[in-house]
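No lab work stands behind these numbers, since they all come straight from the coordinates. Being a predicted model, the structure only gives us computed values, none of them experimental. Here the Cβ positions follow ideal geometry from the backbone for every residue, glycine too, while neighbour counts run over all protein chains shown.
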Amino acid sequence: MRGIIFITFFVSTLVGMARTITGFVKDEENNPAEFVNVVLLEDSVFIDGRATDKSGAFIFENAAAEVNRAKISMVGYEDIVLTVPADGNLGTIVLRPAAVALGEVTVNHLYPTTRLKDDAFVTRVENSILATSGSANEVLSQLPMVNGENGKFRVFGVGEAVIYINNRKVRDSNEMSQLASSDIKEVRVITTPGVQYGSNVGAVIKIITKKPAGDGFSINASTRQKYNKWYASDNDFGLKYRTGGLEVFGNGYFNFMKTHVTSDICQTNYGPVFIEEKSSNPSYSTSKNIAGKLGFNYLIGNNHSFGAYYQHIYNDFHVSSRYLDEIFENGTLTESSNSYKKGQSKGKPNHNANIYYTGSFGKFSIDADVDYIWNKNRNENHTYERNLIGNDREVSTFSTFRTRLFAQKTSLSYNLPKGNVSIGEEYSDSRVSTDYHNPQNIISSDFTEVKERNLGVFAYVFHKLGPVRMTAGLRYEHVISDYYLNNLFVAGQSRTYNHLIPSLTLSYNRDELGLSLNYTRMIDRPKYSMLSGSYNYISSISYSRGNPALKSATLDDFTLQASWKYFLAFVSYTYYSNAMIQVNEPYPGDPRITVFTNINGRRRDMLMLSVNASPTFGIYRLSLTAQLLKQWYRVDFLGGPKAFNTPQFIINWRNFFSFPHDWGAEVAFWCRGAGDSMNVKHTRALTEFDIQIYKKFLNKSLIVYLVGVDIFNGMPRHYELYSGNIKMQSDMDNFTRSIRLTVRYNFNVTKSRYMGRGAGQSEKQRL
């Protein structure tokens, strides 16, 4: 079903009336005060803000009905907080000089603050030091509970986040580098997303930009040069032009990278024959990525907008590696080989397109999106085995991966006097296939395909009563997943799902205190690569494979969040059923060979705790985060249960310095202790120490960064994986120590206002 599902409903027709809020600001000598910050609040929660004009006047037209306070502030003067009268006229406000002159380097008020509002940690970027940090990537990397870079960010305890810009899902990570920090108004980090985001979205980061103003050109360009044994380069360029209601934009991206990874693996099979495989695998890879995007949006008045974009992506990846293998059977060396492996992967190319419309009709608003994705990637690998014991051989594999996704989403909202109610539907049609060939017939050649249709309908209501807010939602999904092997339908590996997904949030905001209690259910569906039935060749006794019988996992999460002044706290309990884990299993017909795959495991219980403090002392801001991850989990190993209950502790200590003349610096330390995750034991701690220095030029339009990453090379990974009769020990070093130079230029006459929200969010996460 591709048509839009229309749902009718009846709600109250009463709605709160918007106001116009005005006033004048003067200094102590009765002169008009220009550039004074005026912020509208609901209690202590930011609603809107702007600066006074040359006459000292400010005006907020159509101010939100919930506004009850106004804060007036300026460097060198005391902050003034006023209650907004019913008529919205604040009259004449006279500034009072601060008792101590602040001077050039005092930037307390410029540092951002993070507050809990409803179900999200909200960080104000506008008029803070974050507004000059460079791009959206730099903004997100400095937020509490968020880690990552280059458009890929993880939220503590809930995994990789889905990112939105003005309610439009970000599908290309390069878009984050193309959004200037000066265009961002605020960022909302949602750890328990509601039903409107999809059933398998664990975290959402919403970026809200400032309102666009002015016609003309906008240019942004950046280049990042990196060195860690080899040279790497990231480059992007964006151009916008706006006239009247029309905005046309284009972006280009080029990346070149060479990496070196070493891994040492010892795999022990305690089966009928005691087998040990010891391998050393130094690997070298080069990648080249080229992407281009063209699009437009058109505003009709202030209430309607529509637009579209097309994106073209080309990928080229090459890898060469050596495998030094020794295989022992019952303590006797039976195979010793020095193998050379060469492979490549090419996008042929990949296409993404989006069309959107958003509009409002009085109390009603509507959002509609259509997305189309078509990707084709061809891989080939050649392994040349030179055996000191046994026969030499060559193994070649060829595979073609095709993905196609059509998705559309429509939602309708109605404003209530103290909240709103929304309903919507979402439909996706996905087809993912793998065509795998091995000319030597060492492993089977086959063609597998998954065809999946997902229809979801959802409704949620938001209501506020003073400082208390409630959001309740319900989503229903009907999923038909068909599995094909060599173009034949396989009934035993095809299935139909029906899921009912509730969510509930209760929150309290008063002054500097914010509290939130959340419950949500999520459906963690396996990625399509995890469902492929094709075997992939690794070595003579090691294969990998998807699992067509893999089922979705269900997560029930209870979360309590709090904020007070510069403190944030987060505690969560999650119950997993049908948890998906990685295992090694015997290959059918030959127990010497192990297959790396995924299965559904036992029940998993997870406790997560995070505490953050971010005080400011003059030019210095501290952000210190302490976190705990504790699971209760068991797997079957050597005929009995094996517990994986050791907790992991994480420390993230970041230090920000803002110096005169637009200089700045950051010193960061991160550490994750040993502990358990699923059926994996991380046996050593990971540490990372980074230093960054930056300078802003040309009225903050040009920023130059010099960064030292993982200076002490503390990120080599050591872990053990247990399953069945097999134990695998792995030591891996990605050589993350590097030095980077980034130059970023932004010339902004216009601001981005593309408003498509994106459809098929859950499906895109699985491709």
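Among Leu488, Val273, Ser336, whose Cα lies farthest out toward the positive end of the dipole of the chain, if unit charges sit on the beta carbon of Lys, Arg (+1) and Asp, Glu (-1)?
Value computed over the given set: Leu488.
Starting from 0.36 nm per residue, how many nanometres of slack lie between Thr496 and Glu394 once their C-alpha separation is accounted for?
Here the answer is 32.5 nm.
About the Cα centre, and with charges only on the beta carbon of Lys, Arg (+1) and Asp, Glu (-1), how big is the dipole of the chain? Nearest 20 debye, please.
Magnitude of the dipole: close to 620 debye.
Determine which lysines satisfy two conditions relative to Lys551: a Cα distance under 22 Å, and not lying fewer than 8 residues away in the same chain.
Leaving aside lysines fewer than 8 places away in the same chain, those within reach of Lys551 are Lys451, Lys527, Lys764.
For the pairs Lys464/Lys565; Lys152/Lys229; Lys229/Lys696; Lys288/Lys376; Lys71/Lys696; Lys346/Lys376, note any where the Cα-Cα span goes beyond 19 Å.
Pairs exceeding 19 Å: Lys464/Lys565; Lys152/Lys229; Lys229/Lys696; Lys71/Lys696.
Quick one: 3J(HN,Hα) in Hz for the range 581-586, Karplus 6.51/-1.76/1.60 with θ = phi - 60°, rounded, Gly and Pro as x.
Along the range 581-586, the couplings run 10, 8, 9, 10, 10, x Hz.
Name the lysines eligible as straight-distance cross-link partners of Lys342: C-alpha to C-alpha under 16 Å, and not fewer than 8 places from it in the same chain.
Counting by Cα, and skipping residues close in sequence, Lys342 has these lysines nearby: Lys258.
What does the extension gain come out to for Leu294 and Tyr270, with contour length at 0.36 nm per residue minus their alpha carbon separation?
3.0 nm
At 0.36 nm per residue, minus the direct Cα-Cα distance, what do Ala674 and Lys551 gain on full extension? Give it in nm, one decimal, please. Please report the intermediate quantities before stating the final value.
Working: separation 123, 0.36 × 123 = 44.28 nm, distance 2.97 nm.
Additional length available on full extension: 41.3 nm.
Can you spot the aspartates and glutamates whose alpha carbon is less than 18 Å from Lys278's alpha carbon? Ignore those fewer than 8 places along the same chain.
Asp264, Asp325, Glu326, Glu329, Glu335, Glu385, Glu585, Glu720, Asp731, Asp733
Taking +1 at the Cβ of each Lys and Arg and -1 at the Cβ of each Asp and Glu, which of Ala643, Val583, Ser610 sits farthest along the dipole of the range 554-655 towards its positive end, judged by Cα position relative to the Cα centre?
Among Ala643, Val583, Ser610, the one farthest towards the positive end of the dipole of the range 554-655 is Ser610.
Can you give the FRET efficiency to the nearest 0.05 for Ser55 and Phe747, using r as the Cβ-Cβ distance and R₀ = 35 Å? Provide the component values of the computation, followed by the final result.
On the way: r = 30 Å, r/R0 = 0.84.
Result of the calculation: an efficiency of 0.75.
Which distance in nm do the two modelled labels at Phe35 and Asn734 give, with both placed 7 Å along the Cα-to-Cβ direction?
Taking the two extended label points, one gets 4.3 nm.
Among [x] 1.00; [y] 0.98; [z] 1.07, which is the computed Rg/Rh (Cα atoms, Kirkwood Rh)?
The value computed from this structure is option [y].
Using 1/(1 + (r/R0)^6) with R0 = 30 angstrom and r between the beta carbons of Ser287 and Arg717, what's the FRET efficiency to the nearest 0.05?
Values: r = 21 Å, r/R0 = 0.69.
The value I calculate is 0.90.
With each pseudo-label sitting 7 Å past Cα toward Cβ, what's the Ser233-Phe567 distance in nm, one decimal?
Each label point is offset 7 Å from its Cα along the Cβ direction, giving 5.1 nm.
Mind giving me the FRET efficiency for Ser444 and Arg378? R0 is 25 Å, r the Cβ-Cβ distance, nearest 0.05 is fine.
Calculated value: 0.80.
Quick check: pseudo-label points 7 Å beyond the Cα along Cα→Cβ at Gln344 and Leu607, how many nm apart are they?
5.4
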